[in-house]
Amino acid sequence: MEILNTATQRFSESRVGTFYRQYQVLILCSVLALFLGSSWLGNVLLIESASRYYNSVYDIIFTVLRYASYAAMAVCILFSLGLKQYRFWPFIVYALTIVLVFFFCRSTEFMILMLVVGSMAVLPRQTLFQVVLIIQAGALTIIPLFAALGLFPNVIMDTERIRYSLGFTWVTSAPVLFVFASMLFLHLERRGLNGWMFFLLLQVATALFILTDTKMAFFTALLVLTIGLIWWKKPQWLQVLENRWVREVILWLPVVLTVIALLLAVFYQDTGVMAKVNDILSGRLANAAEAWQKYGLSLLGQPITWTGQGITYKPSMHYLYVDCSYLNILLNYGLIFLLLVLYWCRKVILNLYHRHDMLYLAFFVVIILFSFLEVRLINPLYDPFVVAAGSYLGLAARRKETA
């Protein structure tokens, strides 16, 4: 222990330590912007090596940038350790989770998530949310614009429903990203909202729906705009969330949804009401049941290769993907990590209640419900709450937060 204290003391007093402490917020913002920006610009059809749109130069450039951001986040974690900015036991749990879960699941996505959570734990949430919003808005603007100009491929991925990719690798990427970006925008701009903002957001949501035919994302976007309108005109209506019974329901909602997802996967039958609901949900129940039968329960995760309907998907391929975040986490990363995710959800809810932030609480409830049908709950490209998870879980030393 004494050796560790001596090492951290020397680093703290070194030129590198002093420089990092002085410019830490700027460095972390730059690293976060590099990660999000390179990830989104690397999430276009030009990087799909099995497609005819593949561009090796483009792929190499943004692969290098992404890996540079991963390395930078790892260095930031080491520097923050050197400055003693982490709390001891939470960091031990964090480190053990990385080692154990990654050993069993071997998931690159998991490691990236944990790098984001660890490195950004010391960044003030208000600043973090602002950076995330800038990059998300930029991705929603630049990628579809480049697709419209012919610089990125704009492929019809479903000829029956005429669903355009808008340059992204997945047809749902743009509308789902808009859902999260609109929540973050309404949260950060809550004091300056006006009718034109809602009008423009509604036009964007409608355009994305027409071009991608993504119904769930469109209806969720309408719900988000409705909540924003209520906050703008009748903020007292959201005080119903302060009710003791409503509070208990919200606190236990992620757990209840997890149990429901698990029961549906275990007891699914392709007959009667279940079959009809499965059709309405585009086969999600049947896919979840098949994945459960194939992989089952694990404590610390397992390697899984999903087959989704991207640009390289062919009818002869066997589609298997679980869209429910809760069940996906359980299958991929195991029961222990799922419990940590549920604990994180509870901490976020309690934090929002503590700050009486009913607008963002309502948005987080939307994310919890939306994640029952979409695998975005712990995706740092979409969900700003998970980027700030280290802060909510008390990984870093305590500080006053304004968001």
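The values are calculated or read from the model by the stated rules, or taken from the named source; none is laboratory data. The structure presented is a predicted model; accordingly, all values stated were derived computationally and were not measured. Neighbour counts are summed over all protein chains in view; Cβ atoms, including those assigned to glycine, are modelled from backbone coordinates with ideal geometry. All accessible areas refer to the heavy atoms of the entire protein, side chains included, with ligands and DNA or RNA removed. Shrake-Rupley method; radii C 1.70, N 1.55, O 1.52, S 1.80 Å.
One table, with the values for the structure above:
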quantity	calculated
Odd one out for residue 130 among (1) open to solvent by less than 20 Å² (accessible area, probe 1.4 Å); (2) under 19 Å from the mean Cα position of the chain (by Cα); (3) closer than 17 Å to residue 30 by Cβ	(1)
Qualifying positions in the range 95-127 - polar (S, T, N, Q) and either assigned to a loop (DSSP other than H, G, I, E, B) or under 15 Å from residue 27 (Cβ atoms) (or both)	107, 119, 127
Sole residue being without any contact (Cβ under 8 Å) to a residue 60 or more places away in the chain and within 17 Å of the chain's Cα centre (by Cα), chosen from 144, 175	175
Residue in the range 71-89 that is within 30 Å of residue 339 (Cα to Cα), hydroxyl-bearing (Ser, Thr, Tyr) and assigned to a helix (DSSP H, G or I) present	yes
Out of 92, 60, sole residue that is under 28 Å from residue 146 (Cβ atoms), among the aliphatic types (A, V, I, L, M) and either modelled with pLDDT of 95 or more or in a helix (DSSP H, G or I) (or both)	60
Pair list, Cβ < 7 Å and 6+ apart or interchain, from the range 205-222 residues that are in contact (Cβ under 8 Å) with a residue 12 or more places away in the chain and part of a helix (DSSP H, G or I) to residues that are among the basic types (Lys, Arg) and surrounded by fewer than 22 Cβ atoms within 10 Å (Cβ to Cβ)	212/163
Matching residues, the range 230-257, being surrounded by fewer than 15 Cβ atoms within 10 Å (Cβ to Cβ), over 21 Å from the mean Cα position of the chain (by Cα) and part of a helix (DSSP H, G or I)	233, 235, 236, 237, 239, 240, 242, 244, 245, 246, 248, 249
Every pair of residues 6+ apart whose Cβ atoms lie under 8 Å, when the first sits in the range 148-160 and is open to solvent by less than 60 Å² (accessible area, probe 1.4 Å) while the second is aliphatic (A, V, I, L, M) and part of a loop (DSSP other than H, G, I, E, B)	155/311; 157/171; 157/311; 158/171
Test: residue in the range 142-152 that is farther than 20 Å from residue 376 by Cα and in contact with an Asp or Glu (Cβ under 6 Å, 6 or more places away or on another chain)	no
